[in-house]
1. Residue by residue through the range 18-55, note down the ones that are touching a His at 6+ places or on another chain (Cβ under 8 Å) and not in a loop (DSSP other than H, G, I, E, B).
2. Scan the range 48-58 and tell me whether some residue there is at pLDDT 90 or above, of a type outside the set (Lys, Arg) and open to solvent by 70 Å² or more (accessible area, probe 1.4 Å).
3. Out of curiosity, is residue 46 over 11 Å from residue 2 (Cα atoms) and in contact with a Lys or Arg (Cβ under 9 Å, 6 or more places away or on another chain)?
4. Could you tell me which of the residues 15, 28 is surrounded by fewer than 13 Cβ atoms within 10 Å (Cβ to Cβ) and under 14 Å from the mean Cα position of the chain (by Cα)?
5. May I ask you to verify whether residue 15 is among the polar types (S, T, N, Q), part of a loop (DSSP other than H, G, I, E, B) and touching a residue at least 12 places away in the same chain (Cβ under 8 Å)?
6. Taking the range 1-29, which residues are among the small types (Gly, Ala, Ser) and either touching a Ser or Thr at 6+ places or on another chain (Cβ under 8 Å) or at pLDDT below 95 (or both)?
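The values are calculated or read from the model by the stated rules, or taken from the named source; none is laboratory data. Note that the coordinates shown come from a computational prediction; the quantities given were computed from them, not determined experimentally. Positions of Cβ are generated from backbone atoms using ideal geometry, with glycine treated the same way; all protein chains shown enter the neighbour counts. What goes into the accessible areas is simple: the full protein's heavy atoms, side chains included, and nothing from ligands, DNA or RNA. Shrake-Rupley method; radii C 1.70, N 1.55, O 1.52, S 1.80 Å.
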Amino acid sequence: MTLARAGSAVATTRTDAYGDFKFPGLATGSGAYRLTIVDERFAPKSLDVHLGVDSVYLAGLSLAHRASG
């Protein structure tokens, strides 16, 4: 997955075995980002996130299965 700001990638990471992930080194309160998730098994998904004082928790984030064919 990729984290971008103003259209430029600032960090990439992978999930762990539990689906958790981190982007270390981001400044607290650094504001708006675009998170893009790409996995060959699922349709790509992008969402806007805002980094405030606390970590961002993406409760219930789900990915749609990629259409076969």
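1. Scanning the range 18-55 gives 31, 32, 33, 42, 43.
2. Checking the range 48-58: at least one residue is at pLDDT 90 or above, of a type outside the set (Lys, Arg) and open to solvent by 70 Å² or more (accessible area, probe 1.4 Å).
3. No, not satisfied.
4. Selected residue: 15, the only one of 15, 28 that is surrounded by fewer than 13 Cβ atoms within 10 Å (Cβ to Cβ) and under 14 Å from the mean Cα position of the chain (by Cα).
5. yes
6. The answer is 4, 6, 7, 9, 11, 17, 19, 25, 27, 29.
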